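First up is the structure itself, then whatever we jot down about it.
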Amino acid sequence: MSREVVFRFDGAPYPGRDGQTIAAALIDHGILSWRRTRVDDQPRGILCGIGVCFDCLITVNGEPNVRACMTGVEDGDDLRSQEGTGYAQ
Amino acid sequence: MNPDVVVIGAGVVGACCARACVEAGLTVVVVDRGAVAGGTTGGGEGNILVSDKEPGPELDLALLSRELWAQMAGSLGDSFELDPKGGLVVATHQHTLDYLLRFADEQRACGVIAEPVAATDLPDHEPRISRDLAGGVLYPQDMQVQPMLAAAHIIEAACATGRTTLMTDCAVTGIDVDASGAVSGVRTAQGVISTRHVINAAGTWGGEIAALAGVELPILPRRGFILVTEPLPPLVRHKVYAADYVANVASDNAGLETSAVIEGTHSGTILIGASRERVGFDKTLDWHVLGRLAKQAIEIFPLLAEVQLLRTYGGFRPYCPDHLPVIGPDPRVPGLLHACGHEGAGVGLGAATGHVIAQWITGASTSIDLAPFSPARFGASHVA
């Protein structure tokens, strides 16, 4: 069994497992959406799951537009839902 | 099926030819071996530029084309993101600026609006631009369009008249001629289409289509890559490019040339070009080229160093030895017209290309003299 890590999502702490992607760690907790689109404000989460579609973007430790499906979750990560481009308008 | 015209190629140029022919009262079939905008158009950036054209026939065509694009956008309801954002050409060194200002003087004499901008005034036009530039020239007539949307909506509008049929995934396998040597039909994977006029709008592959009619057309690919950033709030207002872009466009160098071209899009991504290489139809990703593009873009917009790239795409510009497109009737095969070889300007010149092609087919006098664009300029060689 892999080591347990603790990350935060929108401020709340969650346990995850070392080696999981951010997307897998969120889905484990029933969290299916972590971004809203910049034009029509629609929810987005995993679509392709293999790094191609850029639908699963999330803000990680202040850095926007990180692909949740390609990035491993790290102990202490501060994950934030991303609105629009993830940058202040 | 017996249309007045068969257009080969469903990119922007083919779409504009179809629309202009339909508006002139003709019936049209558009055929493409792939999808709409799947070839040259899909690899492009969507430039409608006068700023990079030196005085001459191509500039005249560009000035006409931008007017026609604006009209088309008006009648098609802003469906393809036509943005009259203007171009800003900048120089990194004084000697390049001197060249740019002389070039702008010549363009101004031909009807181009070109306003010199002092280095200290550049941030008024582009707040995030480097403070280390020598100066620039603003070209308010430059525009941008989403080329794939444009091709699709223009073809859709032509089809909505009931006088255009679109056939995709339909490769052309032959061009038939009658006993007099004139075009009589087009053979395709889905059967023969009888017609008296064929428009070769096959972009980079225009030479292959010409060969099907038994004639040579010297169109070759010039590869380019474009970088696409993550979507950002608006940071780049104009199409901004380095003055040496103009020299590269006109160059005959076969080796790699890169010059920074930076522009925002409606979706928030920033597109970064432009590279030019003659390497045949090799689409292999070249990290060395991408690195140069990124470095040059950062010299003009330093904040791009902090921005993530999402992806890259590439395509092949169809170039002719003299860098002019091939537009008009082929004297070797009556009924065969060419509308290809626009190099990197096919989207921008597409509207005027369709316009003059339709004028010629219907016997009207053309708005622009087609002689400089005639395929006859290459000599009269037939394919053996």
Inset, instruction - Please give the number of the condition B:Val29 fails out of (1) in contact with a Gly (Cβ under 6 Å, 6 or more places away or on another chain); (2) in a strand (DSSP E or B); (3) not polar (S, T, N, Q). - result: (1)
Inset, instruction - For segment A:54-76, indicate whether the set of residues that are of a type outside the set (Asp, Glu) and without any contact (Cβ under 8 Å) to a residue 12 or more places away in the chain is non-empty. - result: no
Inset, instruction - Could you check, for segment B:34-56, whether at least one of its residues is in contact with a Leu (Cβ under 8 Å, 6 or more places away or on another chain), within 25 Å of B:Arg187 (Cβ to Cβ) and outside any helix (DSSP H, G or I)? - result: yes
Inset, instruction - Could you tell me whether B:Pro218 is farther than 18 Å from B:Ile357 by Cβ and free of Cβ contacts under 8 Å to residues at least 40 places away in the same chain? - result: no
Inset, instruction - Identify the single condition in (1) under 21 Å from B:Gln146 (Cα atoms); (2) more than 14 Å from chain A (Cβ to nearest Cβ); (3) out of contact with any Leu (no Cβ under 8 Å at 6 or more places or on another chain) that B:Gly273 does not satisfy, given that it satisfies every other one. - result: (3)
Inset, instruction - Check segment B:281-290 and report whether any residue there is open to solvent by less than 10 Å² (accessible area, probe 1.4 Å) and more than 14 Å from chain A (Cβ to nearest Cβ). - result: yes
Inset, instruction - Can you run down the residue pairs with Cβ atoms below 8 Å, 6 or more apart or on separate chains, where the first is in segment B:3-14 and over 17 Å from B:Met148 (Cα atoms) and the partner is open to solvent by 10 Å² or more (accessible area, probe 1.4 Å) and of a type in the set (S, T, N, Q)? - result: B:Pro3/B:Thr27; B:Pro3/B:Thr165; B:Asp4/B:Thr27; B:Val5/B:Thr27
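Yes/no per residue for (1) over 30 Å from B:Gln107 (Cβ atoms); (2) open to solvent by less than 10 Å² (accessible area, probe 1.4 Å); (3) among the basic types (Lys, Arg):
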{"position": "B:Asp142", "(1), (2), (3)": "no, yes, no"}
{"position": "B:Ile154", "(1), (2), (3)": "no, yes, no"}
{"position": "B:Arg163", "(1), (2), (3)": "yes, no, yes"}
{"position": "B:Met167", "(1), (2), (3)": "yes, no, no"}
{"position": "B:Cys170", "(1), (2), (3)": "yes, yes, no"}
{"position": "B:His197", "(1), (2), (3)": "yes, no, no"}
Legend entry - Every residue from segment B:349-369 that is closer than 14 Å to B:Ser65 by Cβ and assigned to a loop (DSSP other than H, G, I, E, B): B:Thr366, B:Ser367, B:Ile368
Legend entry - Which numbered condition B:Arg276 misses (of (1) of a type in the set (Lys, Arg); (2) farther than 30 Å from A:Gly51 by Cβ; (3) crowded, with 24+ Cβ neighbours inside 10 Å): (2)
Legend entry - Meets criteria (modelled with pLDDT of 95 or more, of a type in the set (S, T, N, Q) and either over 22 Å from the mean Cα position of the chain (by Cα) or open to solvent by 50 Å² or more (accessible area, probe 1.4 Å) (or both)) for B:Ser367: yes
Inset, instruction - Restrict the check to segment B:209-221 and report whether at least one residue is closer than 25 Å to B:Met143 by Cβ and part of a strand (DSSP E or B). - result: no
Legend entry - Candidates B:Met143, B:Met167, filtered to the one that is hydrophobic (A, V, I, L, M, F, W, C) and touching a Phe, Trp or Tyr at 6+ places or on another chain (Cβ under 7 Å): B:Met143
Inset, instruction - Restrict the check to segment B:308-324 and report whether at least one residue is touching a residue at least 60 places away in the same chain (Cβ under 8 Å), of a type in the set (A, V, I, L, M) and buried (at least 24 other Cβ atoms within 10 Å of the Cβ). - result: no
Legend entry - Restricting segment B:192-242 to residues that are in contact with a Lys or Arg (Cβ under 6 Å, 6 or more places away or on another chain) and of a type in the set (Val, Ile, Thr), the residue that is farthest from the other protein chains (Cβ to nearest Cβ): B:Val215
Inset, instruction - Kindly check whether there is at least one residue in segment B:243-254 that is within 14 Å of another protein chain (Cβ to nearest Cβ), under 18 Å from the mean Cα position of the chain (by Cα), in contact (Cβ under 8 Å) with a residue 60 or more places away in the chain and within 30 Å of B:Ala202 (Cα to Cα). - result: no
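The values are calculated or read from the model by the stated rules, or taken from the named source; none is laboratory data. The structure presented is a predicted model; accordingly, all values stated were derived computationally and were not measured. FYI the Cβ positions are ideal-geometry reconstructions off the backbone, even for glycines, and counts take in every protein chain you see. The protein model used for the area step is the full one, side chains on, heavy atoms only, and it has no ligands, DNA or RNA in it. Shrake-Rupley method; radii C 1.70, N 1.55, O 1.52, S 1.80 Å.
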